[in-house]
Amino acid sequence: MAAPLELTLGQLSALANRKAAEIERLSFRPPLEVSKLLIVGATRQNFNQGRDPEGVPWLPLKRPRRRSKGGDLPLRDTGKLRASVTGGARTVERITDTELIFGTNLEYAGFHQFGTRFIPKREFLGFNAPLINDIDRAFTEYVEKQLGF
């Protein structure tokens, strides 16, 4: 039978401090890259399904547009907005060791994301519980691997 493991509070505190110092030195770029891919995938789903990140369908258009490639589907008439947040030319992206900035620089994107007096809110970019869980898992697995757990 193996002897029980004995650990004093002082030893536990020292171990926690060493691990905290290791975490501070980590580059979080790898899980941030994974997070970006997860956000892009979730945003594509939002556009494909015509809904916000929580699954609420976007309000329909008041009047259909005539030469629209997206028909009567909100936010999809030209495809520019979707492309701008899923890797197109207008995507805003910056990843460092500790930060992910992601979005679009299309002038009208905020009008749709947040709504205006004349344009109803049709949120296309955001976080829901499953996406947050997936991102949390990516960070947890990365830290555990880096710290040897």
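Of all residues in region 3-51, count the ones that are over 20 Å from GLY126 (Cα atoms) and of a type in the set (A, V, I, L, M). Before the answer, list the steps.
The first filter runs over region 3-51 and keeps only residues over 20 Å from GLY126 (Cα atoms), leaving 3-30.
When the remaining residues are screened for being of a type in the set (A, V, I, L, M), the result is 3, 5, 7, 9, 12, 14-16, 20-21, 23, 26.
The total comes to 12.
Go through region 103-141 and give me each residue that's closer than 24 Å to GLU33 by Cβ and touching a Leu at 6+ places or on another chain (Cβ under 8 Å).
GLY103, THR104, LEU106, ALA109, GLN113, PHE124, LEU131, ASP134, ILE135, ALA138
Take the residues in region 10-59 that are part of a helix (DSSP H, G or I) and among the acidic types (Asp, Glu), then tell me which one is modelled with the lowest pLDDT. Full working, then the answer.
In the first step, residues of region 10-59 are kept if they are part of a helix (DSSP H, G or I); the result is 10-25, 29-49.
Now narrow it down to the ones that are among the acidic types (Asp, Glu): 22, 24, 33.
Working: GLU22: 83, GLU24: 87, GLU33: 95.
Result: GLU22.
For the subset of region 109-149 comprising residues that are of a type in the set (Phe, Trp, Tyr) and loosely packed, with under 13 Cβ neighbours inside 10 Å, which member is farthest from PRO30 (Cα to Cα)?
Going through region 109-149, the residues of a type in the set (Phe, Trp, Tyr) turn out to be 111, 114, 118, 124, 127, 139, 142, 149.
Then keep just the ones that are loosely packed, with under 13 Cβ neighbours inside 10 Å; that gives 114, 118, 149.
Numbers: PHE114: 30, PHE118: 41, PHE149: 18 Å.
Selected residue: PHE118.
Within region 1-49, which residues are basic (Lys, Arg) and exposed (fewer than 12 other Cβ atoms within 10 Å of the Cβ)?
ARG18, ARG25, listed by residue number.
Just checking, does region 103-112 include any residue being among the polar types (S, T, N, Q) and either touching a Phe, Trp or Tyr at 6+ places or on another chain (Cβ under 8 Å) or farther than 30 Å from LYS19 by Cα (or both)?
Of all residues in region 103-112, those among the polar types (S, T, N, Q) come to 104-105.
With the extra rule that they be either touching a Phe, Trp or Tyr at 6+ places or on another chain (Cβ under 8 Å) or farther than 30 Å from LYS19 by Cα (or both), the set shrinks to 104-105.
Checked against the condition, which is being among the polar types (S, T, N, Q) and either touching a Phe, Trp or Tyr at 6+ places or on another chain (Cβ under 8 Å) or farther than 30 Å from LYS19 by Cα (or both), region 103-112 yields at least one hit.
The values are calculated or read from the model by the stated rules, or taken from the named source; none is laboratory data. Keep in mind that this is a model prediction, so the values were computed, not measured. Please note: Cβ atoms are built from the backbone with ideal geometry, for glycine as well, and neighbour counts cover all protein chains shown.
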